[in-house]
Amino acid sequence: SPNPDTVSDTGAASPQDQAPRNSFLSIAEIGTISRSRTLRLQKEDAIVAIDAKAYHGDIDTFLDILFELENDKSVMLTIWRKGIVYNIIVRGPLGCTLEYSKPEISEAINNDFKTADIGHPDDYVMFEVLRDMKRKTEIIDTRPSDVVLFIPVIWLMQNRLWEALLAVTLIYGVTLSVHWVLFVIAYILLSLYFKKAQVPLRRSFSLFKERQMWLVIAARSLREVQEICRKIDPKCDFIDSEIGPVPVDDAPVKKRRRPRTR
């Protein structure tokens with residue numbers, strides 16, 4: 001028989017009792033193709049708050065909140081993962097199976113949430129975090145940049161997109177050598193393209209460098225994202241780090257050999 005305290009937002013809800021007192025919602029299963037997988041959520045992650053307000057309601061009410069989001073609206077969810085609290089922004093159902101957290105887990109979540117610094121949802125921006133096998137980590141700010149529309153070359157240099165920079169420089173040079181009008185047309189078209197594709201372009205070049213999507217985090221600054229990532233994995237090494245290098249483990253103390261006695 002189905003667990004009465006487990007509901008999936010990918011299908012019909014099972015009959016359930018009211019939410020246990022002071023409990024939170026925990027992810028029981030992640031959908032194969034779902035928003036929860038895209039957001040890099042994991043099994044046993046807990047949903048602590050909606051728009052910075054603690055949520056102790058039932059699963060059906062939570063699902064209704066996500067289903068009722070329109071295309072241009074979103075909510076900020078606070079996530080608890082093994083003692084670490086961070087935020088994400090969602091625009092619709094997560095596509096995962098939810099259950100109520102156990103009492104001892106709920107108590108731990110309550111303690112961690114009380115000490116967490118959660119600001120106003122309007123202050124948060126989505127960041128994508130990609131890293132390679134050596135834990136070299138790149139963070140992509142998903143906010144559109146106006147620099148790319150007016151001076152694409154500067155934006156490409158700022159983001160170290162050297163291959164694209166070389167291609168753009170060649171296009172500028174060739175079109176300018178043919179006619180200045182052709183150069184202007186090429187400049188405008190490339191500017192509009194980079195304006196629209198700046199985040200997918202940065203993501204694609206990061207994937208080309210064998211970095212895979214690791215986390216999606218809503219935060220108020222790049223430093224805050226790095227601090228969260230360092231808590232999740234103390235060994236992640238950031239490009240343009242604002243929190244310092246990776247901590248070095250203390251070298252093991254070598255034992256002295258005892259002198260041989262005859």
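The values are calculated or read from the model by the stated rules, or taken from the named source; none is laboratory data. This is a predicted model, so every value here is computed, not measured. Neighbour counts are summed over all protein chains in view; Cβ atoms, including those assigned to glycine, are modelled from backbone coordinates with ideal geometry. Side chains are part of the model used for accessible areas, which takes the heavy atoms of the whole protein and leaves out ligands, DNA and RNA. Shrake-Rupley method; radii C 1.70, N 1.55, O 1.52, S 1.80 Å.
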> All but one of (1) outside any loop (DSSP other than H, G, I, E, B); (2) closer than 30 Å to D58 by Cα; (3) in contact with an Asp or Glu (Cβ under 6 Å, 6 or more places away or on another chain) hold for D122; which doesn't?
Replying inline: (3)
> Within the stretch 81-135, restricting attention to residues that are hydrophobic (A, V, I, L, M, F, W, C) and more than 17 Å from the chain's Cα centre (by Cα), which residue is nearest to F67 (Cα to Cα)?
Replying inline: C96
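Residue-wise test of (1) under 18 Å from the mean Cα position of the chain (by Cα); (2) under 25 Å from I239 (Cβ atoms); (3) surrounded by fewer than 18 Cβ atoms within 10 Å (Cβ to Cβ).
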{"site": "R160", "(1), (2), (3)": "no, yes, yes"}
{"site": "E163", "(1), (2), (3)": "no, yes, yes"}
{"site": "V184", "(1), (2), (3)": "no, no, yes"}
{"site": "R211", "(1), (2), (3)": "yes, yes, no"}
{"site": "R220", "(1), (2), (3)": "yes, yes, yes"}
> How many residues does the stretch 74-91 hold that are touching a Lys or Arg at 6+ places or on another chain (Cβ under 6 Å) and modelled with pLDDT under 95?
Replying inline: 1
> In the list V85, V129, V153, V148, which residue meets the criterion of being closer than 30 Å to T32 by Cβ and either out of contact with any Leu (no Cβ under 6 Å at 6 or more places or on another chain) or aromatic (F, W, Y) (or both)?
Replying inline: V85
> Would you say I151 is open to solvent by 40 Å² or more (accessible area, probe 1.4 Å), within 30 Å of the chain's Cα centre (by Cα), without any contact (Cβ under 8 Å) to a residue 12 or more places away in the chain and over 27 Å from V225 (Cα atoms)?
Replying inline: yes
> within 24 Å of F62 (Cβ to Cβ) and of a type in the set (G, A, S), is that true of G173?
Replying inline: no
